Amino acid sequence: MTRVWRVLAGGEKGLSIAAISLMALLPCIAMVTRLAGAAGIPGSVVFVQQLTLCVAFLGAGLAASGDRLLSMSANTFLPEKWVGPVRVFACGLTAAIAGGLCGASYEFVVLERAGGKELALGIPAWIPATVMPFGLLLVTIRAIQGAGPRARQRLIAAAFLLVPLILGLVGKPEGHAVLWIGIPVVLAGAVLGLPIFATLGGVALLLLWGSGQPASDVPDNAYSLMVSEVLPSLPLYTLAGYLLVEGGASTRLLRVYNAFFGWLPGGLAITTAVGCAIFTWAGSGVTIVSMGGLLLPMLMKARYSERFSIGLINASGSLGLLFPPSLPVILYAVYAKNVHIDALFVGGFVPGLLMVAMVSAFGVFHGMRSGAPRATFSFAEARLSLWESKWELAVPVIVIVGLFGGFGTMVEAGAITVVYSFIVECFIKRGFSLRHDFPRVALECVTVMGGVLMIIGVAKGLTYYLAIIDVPGMLTNWVDVHNLSKYQFLLLLNIVLLIKGSFMDVFSAIIVMVPLICPIAAKFGIDPVQLGVIFLANLELGYLTPPIGMNLCLSAYRFKQPMTAVYRATLPFYVILLAGVLLITYVPELTTLPVKWLGL
């Protein structure tokens, strides 16, 4: 049996590496052949979309095997004697929900097969869709295995599978007793360590079951989102970010920023803010985990206190969320539907610079007060650092030209960025090995994106239920009844999004909240681009909002600090960025004027 699992795990990893590699190669080939006037690969766009589906569900299986499915809580508040039983409960509940989603995905595949839909080259659509029940089956099995090393613990966790089995055999309920019991249990599980995808998926399954809707609606909506035209760019830009970080680009770029800003008062703080903002598009977690270890010793050596240094790194970890090619911006534009990606990037540029400038200014003030040393500006060092980093500095140019130059689609721009980053780090800088490093980095990317895309997929299913019962209409009516003004609505939006960002990741928050907010904002005449920037700026601050903002948790993990210490370190920066968010919200010209000037 052990050998079987070893072979299965090896095949899973091999397929994952192949999927993410083909996702990068196929769009590049398609773009090059199109620009050359030659016939490209038939159906390459469709194949890339289906490969995104593979990355999502194979990655979810990989994340489950390493206990890396994103959770709202890490159980750090529990007494030691309760840790084991609570883990069994959380793993059992995860297995039950994943098992329910697995069954629903199988029903979806059966329906797809009966429909007879075909992809490019005559391939039936149901064949790639089988990765959905397969990946969820792996999550189910690994959740049971994660309950503990003892057979008794795993048996108890496996017993939770009886719940979806029984509910599946029972028809539409007469009352709401099951919902009144089931949903609080799922929410309690979220507090005790239930993965976010299981929390959203469990609530969605229960609500659909309670309304008599088929459970296959959840995988159906997840599938339609995964194979959309733009979503494949998310794993591609993430992979590019990992390649750059693993190849040493972050060290070289920090040298550039230090050469140009280090002579200023608080120059190292400016370097930290700018450097982290540049890499945030690869993911806030990537920035803190990869660059935090470089920056913290540098800041402390420059006489910045440990508390200030941790707070600065924490705040800087999400500063670039509004800059190209930010993944949340892409997803927001995909899901909002009434705003173009290029307009959203242009609208977010000045607000993004404002946030970076505010954090940098506080760093300068603190540096002057603490007597942080200033480096002497050297033309030779600036020139040398620029020369050493010229290839990495070209990446934003390639991304922007790809996005706005009309040379290719969003996905093709992401694929070109991956291939370019790989060539630079592997063959030019030679800090990255195709044989030894690429498989590890590709698996890491698939694992991270699997966890994120799984959340996005089930969140789409929950949003579908909210649309069925017309929650957007209910909210619009509520606003009418209470006669809210535009500014009261914006203030309420700020509060709701900050609370949402404190316990929900940015991707699922976009999927769940955007369809609810857009109709109400349109009623108040709020510009769609401004709404998008407000939304994303609030979620950027949500990374720093207690109790479990993502940056807070990652910082506590990376720097081995208690959460209370991280809260104290981050508080001054939180207040500064909150002021920035309010400026972005109530001074719309910061967002709308650049868009009007460029005619977007």
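The values are calculated or read from the model by the stated rules, or taken from the named source; none is laboratory data. Since we're looking at a predicted model, the values are computed, not measured. Cβ atoms come from the backbone with ideal geometry, glycine included; neighbour counts cover every protein chain shown.
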On the given criteria, is I341 of a type in the set (A, V, I, L, M) and under 20 Å from the mean Cα position of the chain (by Cα)? yes
Just name the residue that is surrounded by the most Cβ atoms within 10 Å (Cβ to Cβ) out of those in region 1-23 that are among the β-branched types (V, I, T) and in contact (Cβ under 8 Å) with a residue 60 or more places away in the chain. I20
Restricting to region 194-240, give me the number of residues that are within 19 Å of the chain's Cα centre (by Cα) and of a type outside the set (A, V, I, L, M). 14
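For region 457-477, enumerate the residues that are assigned to a helix (DSSP H, G or I), surrounded by fewer than 13 Cβ atoms within 10 Å (Cβ to Cβ) and aliphatic (A, V, I, L, M).
Selection gives M474 alone.
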Quick one: would you say A343 is in a loop (DSSP other than H, G, I, E, B) and either farther than 18 Å from T238 by Cβ or at pLDDT 85 or above (or both)? no
I'm told I517 meets every condition in (1) at pLDDT below 80; (2) part of a helix (DSSP H, G or I); (3) buried (at least 18 other Cβ atoms within 10 Å of the Cβ) except one. Can you identify the failing condition by its number? (1)
Of the residues R303, R374, R307, which single one is among the charged types (D, E, K, R), in a helix (DSSP H, G or I) and over 24 Å from the mean Cα position of the chain (by Cα)? R307
Residue hits (region 209-240; outside any loop (DSSP other than H, G, I, E, B), within 30 Å of P85 (Cβ to Cβ) and either free of Cβ contacts under 8 Å to residues at least 40 places away in the same chain or among the aliphatic types (A, V, I, L, M) (or both)) are G210, V218
Within region 141-156, restricting attention to residues that are among the aliphatic types (A, V, I, L, M) and in contact (Cβ under 8 Å) with a residue 60 or more places away in the chain, which residue is surrounded by the most Cβ atoms within 10 Å (Cβ to Cβ)? A143
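For every residue, the table says whether it meets (1) over 30 Å from L590 (Cα atoms); (2) assigned to a loop (DSSP other than H, G, I, E, B).
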| residue | (1), (2) |
| --- | --- |
| P439 | yes, no |
| L497 | no, no |
| M513 | no, no |
| G525 | no, yes |
| F535 | no, no |
Could you tell me whether region 404-415 includes any residue that is part of a helix (DSSP H, G or I) and surrounded by fewer than 22 Cβ atoms within 10 Å (Cβ to Cβ)? yes
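For the condition part of a helix (DSSP H, G or I), buried (at least 18 other Cβ atoms within 10 Å of the Cβ), at pLDDT 90 or above and not assigned by TED's automatic domain parsing to the domain that holds L462, what is the one hit in A63, A95?
A95
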For V448: the one exception among (1) in contact with a helix residue (DSSP H, G or I) (Cβ under 9 Å, 6 or more places away or on another chain); (2) at pLDDT 85 or above: (2)
Counting only residues that are buried (at least 19 other Cβ atoms within 10 Å of the Cβ) and β-branched (V, I, T), which one in region 101-140 is farthest from L53 (Cα to Cα)? T140
K500 is checked against (1) within 15 Å of the chain's Cα centre (by Cα); (2) surrounded by fewer than 18 Cβ atoms within 10 Å (Cβ to Cβ); (3) of a type in the set (D, E, K, R) and fails just one. What number does that condition carry? (2)
Pairing a residue in region 24-45 that is more than 16 Å from L119 (Cβ to Cβ) and at pLDDT 80 or above with any residue that is hydrophobic (A, V, I, L, M, F, W, C) and not in a helix (DSSP H, G or I), where Cβ atoms lie under 9 Å and the two sit 6 or more apart in sequence or on different chains, gives I29/I41; M31/F407; V32/A38; T33/A39; T33/I41
Look through region 156-212, keep the residues that are modelled with pLDDT of 85 or more and among the β-branched types (V, I, T), and return whichever of them is farthest from D67 (Cα to Cα). I181
Quick check: anything in region 118-127 modelled with pLDDT of 90 or more, part of a helix (DSSP H, G or I) and in the same structural domain as L187 (by TED's automatic domain parsing)? yes
Does V230 satisfy being under 30 Å from A129 (Cβ atoms) and surrounded by fewer than 24 Cβ atoms within 10 Å (Cβ to Cβ)? yes
